[in-house]
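First the structure, in the form of structure tokens, and then the observations on it.
Derivation of every value follows stated rules applied to the coordinates shown; laboratory data play no part. The structure presented is a predicted model; accordingly, all values stated were derived computationally and were not measured. Note that we place each Cβ from the backbone using ideal geometry, even for glycine, and neighbour counts take in every protein chain shown.
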Amino acid sequence: MHVALLVIPDCLIVALGWVLLHKLKFSREFFTNTERLVYYILFPALLIQSISSTPISAGSAGRLLAVSLLLCLAGYLAAWLARPLLKPRPIALASLAQCAYRFNTYIGFSLSAALAGSEGQAIMAVIVGFSVPIANILAVKSLARFQGANVWLEILKNPLVLATLTGLLLSFSGLGLEHTLAVTLSKLGNSSIPLGLLCVGASLSLGGASQDRGVITWILAIRLMIMPVFALALALGLSLSPLETHILVLFAALPPASAAYILAARMGGDGRCVATAVSAGTVLSVLTIPFWLFIGEKLVN
């Protein structure tokens, strides 16, 4: 019950985001601008502050980089198994595959702090920072044939990648952040999670995409049930610490990223089926995240 209760506050904030848009008639432009603020300013501030304020050894960072790479690749390969097995529409699979290995960072950061405080949040920050460029490369590569894109330019411009590298540099060098700057970034970062969760709620859309129901089910099964199994296997194989294992399992159990819809729409993919997958995954994760947190807690304690 304790584990399940950790998820409820986030679910309530997500539900509030849906109510604000659909019942209280907040404009979509409001949420679009809010998400842009979170993505480019507030969330990078959280990454820099979290990573730079927690000592991270090169060995620990190397292990987390390895599991991030292997986990994303496992999700990518599992997603594309749908092509010979289910024979989905090519554009639907290219658009949906990213939902198997892209993750909702806002929910992840909120739950990692609830589980293990600043130390857990710092580990989540490193995993997220390493995974963002890997996941983006795979997602852009899958959709590139529908609209030309410079994959490496997209990665180099990504604010989460830049923030992660800055935080790691400050942590490894031992310089840290000057007190006033650290407090400023902390205040900005603390506001990113509730605002991000409100935007997740506003993005929920469960209608349509009935013709792609089979491949959507396949992708969500990978995202919510198979990826945590991969994470446990990698954690055991690479001898991660109990806390690292717990946070990695949480990361692997997160629902798909709402940004997956934006990428699919921007690159000529099928945004409608991606919106359905993201929304259904977010709702189902209310049940699956507590399950995997419980399993992770039993295995590491």
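Tabulated results
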item: Residue-span extension gain [residue 89 to residue 69] - 0.36 nm each, minus C-alpha spacing; result: 4.5 nm
item: Where labels lie 7 Å past Cα in the beta-carbon direction, separation of residue 29 and residue 12 in nm; result: 3.3 nm
item: FRET efficiency, 1/(1 + (r/R0)^6) with R0 30 Å, evaluated for residue 36 and residue 181 via beta carbons; result: 0.85
item: Share of Cα-Cα pairs in the stretch 153-228 lying beyond 22 Å, as whole percent; result: 57 percent
item: 222 nm mean residue ellipticity, helices alone, for the chain (DSSP H n ≥ 4; -39,500 (n - 2.57); rounded to 500); result: -25000 deg cm²/dmol
item: Taking 262, 13 and counting other C-beta atoms within 10 Å, the order from fewest to most; result: 262, 13
item: Relative contact order (%) - criterion: Cα under 8 Å, at least six apart; region: the chain; result: 32 percent
item: Principal axis dimensions, the chain - Cα atoms, whole angstrom, descending; result: 53, 46, 45
item: Cα pair distances in the stretch 224-269, grouped into 10 Å bins until the bin that holds the longest one, percent each; result: 27, 35, 24, 14, 0
item: Likely footprinting exposure, 25, 187, fewest C-beta neighbours within 10 Å first; result: 25, 187
item: Label point distance in nm, residue 81-residue 165, each placed 7 Å from Cα along Cα→Cβ; result: 3.5 nm
item: Projected area, mean over directions - the stretch 42-191, Cα convex hull, nm²; result: 9.7 nm²
item: Neighbour net charge for residue 76 - beta-carbon separation under 14 angstrom, K R +1, D E -1; result: +4
item: Tail weight of P(r) past 22 Å, computed on alpha-carbon pairs of the stretch 1-92, percent; result: 65 percent
item: Calculated P(r) tail over 19 Å for the stretch 163-301, as whole % of Cα pairs; result: 64 percent
item: Dipole of the chain [Lys/Arg +1, Asp/Glu -1 at C-beta], most positive-end residue of 230, 126, 5; result: 230
